[in-house]
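A.B. asks: Before I ask anything, let me first share the structure, which is written out below as structure tokens.
The values are calculated or read from the model by the stated rules, or taken from the named source; none is laboratory data. Nothing here was measured: the structure is a model prediction, and the numbers come from that model. Glycine gets a Cβ as well: all are built from the backbone with ideal geometry, and neighbour counts include every protein chain shown.
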Amino acid sequence: MSETFYVTTPIYYVNDRPHIGHAYTTIACDVLARYRRACGQDVHFLTGTDEHGQKMAESAQAKGITPRQLADENSAQFRSLWEHLNIRYDDFIRTSEPRHETRVQAYVARLVERGDIYAGHYEGWYDVGQEEFVSEMEAKAQEYKSAVNKKPLVRYQEPSYFFRMSAYRQRLLDHIAAHPDFIQPEARRNEVVSKVTAELRDLSISRQTLTWGVQMPNDPTHTIYVWIDALFNYCTAVAAGEKEAVSRFWPADVHMIGKDILWFHAVIWPCVLMALDVPLPRKVFAHGWWTSEGEKMSKTLGNFVDPWEMTRKYGVDRFRYFVLREVPFGVDGDFSESQVVSRCNAELANNVGNLLSRTVNMITRYFDGAIPAPAAGGPGEAAVRAEADALAGRLAEAMDALQFHKAVEASLLLATATNKYIDDTAPFKLAKSDAPADRERLGTILYTCAEATRLVALALAPFMPATIERVWCQLPYTPAAGETLPRQLAWGKLSPGAKVTKGDVLFPRLEPLEEAR
Ligand code: MSP
């Protein structure tokens, strides 16, 4: 495992309020960052806001304020949502910051010096919502409307500087072929490969009719295309000095993005980096999109899932849990509140929470709160141990593949096996006997339950950090200083004799939706 780990979210447009799509990527990155930190890596987790471009200029104008005012207001909204969602990022970059703008100019100046930028004339279609050029063929196929927000495409005709992207076509294809993990999931990689194989054109990278952005270093009458400006954030945020392209965190280990912005990250960005002789990120992972109660989310329908509202109803940790648990990362999914309720009740209240409260209650009742010492176990214990021993490996495999739902499943399997073990061994019956053999057996069972609960909690901690903190108020466990998660997940770290403390229910049951309404 490398010493450092650098993970990024897309930087979000600040023309609007954050919704579930933004929260989703950011939560995924936070869970990954927390997991990697727990594994002992020096993590750098970057997020931020993308503040330039046509869309921002238009939104500000419509509101009668300056783009900077709009950016200040909305960038702050993203920050406060991240604080609310318990997102522990290391840096938050805004593209309107001088540290970003000066470095973008330095990178672009280098591209100019290297002869990768030339003056030309752009004529064609533009999707303002996506800040994306659209080819004649695509425009026609989309009936000259945005594929995403269905607004009419805009026709541009103006002088522009171009990036010689076509020159990097073969190198990009070779890189993708040699690094099967570079673009994930695989189906997305195949899409990119076939599109690039068919054609890779030079890219218009400046505008004369827009001033809200970074100026071209060689020609201040031109503003750098917002996507070129934005992509550079991944480097400008970690650059060691003004001239320094990279720091010890580069190359990024993973750029986490949504499927709609894959072309920018898997094609344009690597070509720019190749032109600058900067190593490419190790992985670009495109996740799927959410619908809301079966419908596409749109401004017209006004049905964007609002993270503030959902966390008010269900709590921050249930929301964090649900979005990563419900849908395999990479696939589209539907956000349905009845599904939030049933999943959280079945998996968190009835399984994980129930395991903790049964365990703590029984140790309190039968051993005065002191964790009993275990004796040699039998087949019942072996079944729990098998799940427990598999946990660290399953967790690592799932997290390496960014399959968050599988990481959760690994913990749930252990919780389920342990709850079943309690049902099968019926410690409450054994507790009625004073016979020394039965006491010893009871001690073994409850120690096994406490250990299994500790492991379940550890594995779920990156997903629900605040709730799992509360587990440690009930179960007496503090990891040894500097001990990494895989070691903490070894069996037998709870000390017999240490005291449990009864506490509040971890996950109160949610009212089924119909009754709640
Ligand atoms: N500013 C660009 C990114 C620049 S990165 C150098 C941008 N911003 S955005 O605010 O429009 O979108 C950010 C992310 O939200 C994208 O990854 C996009 O896929 C994601 N989502 C937008 N709607 C979504 C859903 N309905 N579901 C899941 N994610 C969605 O693009």
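A.B. asks: Given the criterion of a type in the set (D, E, K, R), assigned to a helix (DSSP H, G or I) and touching a residue at least 24 places away in the same chain (Cβ under 8 Å), identify the matching residue among ARG282, ARG318, ARG312.
C.D. replies: From the options ARG282, ARG318, ARG312, the qualifying one is ARG318.
A.B. asks: Please report, ordered by residue number, the strands (runs of 3 or more DSSP E) entirely within the stretch 129-241 with at least 2 residues that are more than 32 Å from the chain's Cα centre (by Cα) and either more than 16 Å from the ligand (Cβ to nearest atom) or of a type in the set (Val, Ile, Thr) (or both).
C.D. replies: The qualifying strands (runs of 3 or more DSSP E) are 154-163, 219-224.
A.B. asks: Determine which single condition LEU32 fails, assuming it passes every other condition in (1) surrounded by 21 or more Cβ atoms within 10 Å (Cβ to Cβ); (2) in a helix (DSSP H, G or I); (3) touching a Phe, Trp or Tyr at 6+ places or on another chain (Cβ under 7 Å).
C.D. replies: (3)
A.B. asks: Sticking with this one: Got a number for residues in the stretch 190-200 being at pLDDT 95 or above and under 23 Å from VAL226 (Cα atoms)?
C.D. replies: Counting residues in the stretch 190-200 that are at pLDDT 95 or above and under 23 Å from VAL226 (Cα atoms) gives 4.
A.B. asks: Something else: Can you confirm whether the stretch 260-273 contains a residue that is modelled with pLDDT of 95 or more, surrounded by 16 or more Cβ atoms within 10 Å (Cβ to Cβ) and part of a loop (DSSP other than H, G, I, E, B)?
C.D. replies: No: zero hits.
A.B. asks: While we're looking at this one, here's another question. Exactly one condition in (1) out of contact with any helix residue (DSSP H, G or I) (no Cβ under 6 Å at 6 or more places or on another chain); (2) surrounded by 18 or more Cβ atoms within 10 Å (Cβ to Cβ) is not met by LYS140; state its number.
C.D. replies: For LYS140, the exception is condition (2).
A.B. asks: Something else: Here is a list: VAL104, VAL14. Which entry is of a type in the set (A, V, I, L, M, F, W, C), more than 10 Å from the ligand (Cβ to nearest atom), within 25 Å of PRO281 (Cβ to Cβ) and in contact with an Asp or Glu (Cβ under 6 Å, 6 or more places away or on another chain)?
C.D. replies: VAL104
A.B. asks: Consider only pairs whose beta carbons are under 6 Å apart and that are at least six residues apart or on different chains; among these, list those whose first residue lies in the stretch 378-400 and is free of Cβ contacts under 8 Å to residues at least 40 places away in the same chain and whose second residue is surrounded by 13 or more Cβ atoms within 10 Å (Cβ to Cβ) and among the charged types (D, E, K, R).
C.D. replies: ALA398/LYS406
A.B. asks: Taking the stretch 63-110 as the search range and keeping residues that are farther than 30 Å from GLN157 by Cβ and aromatic (Phe, Trp, Tyr), which one is surrounded by the fewest Cβ atoms within 10 Å (Cβ to Cβ)?
C.D. replies: So, considering only residues that are farther than 30 Å from GLN157 by Cβ and aromatic (Phe, Trp, Tyr), the one surrounded by the fewest Cβ atoms within 10 Å (Cβ to Cβ) is PHE92.
A.B. asks: Would you be able to say whether some residue in the stretch 111-123 is at pLDDT 95 or above, within 32 Å of the chain's Cα centre (by Cα) and surrounded by 14 or more Cβ atoms within 10 Å (Cβ to Cβ)?
C.D. replies: yes
A.B. asks: Could you count how many residues in the stretch 444-472 are out of contact with any Ser or Thr (no Cβ under 6 Å at 6 or more places or on another chain), within 28 Å of TYR366 (Cα to Cα) and of a type in the set (A, V, I, L, M, F, W, C)?
C.D. replies: 7
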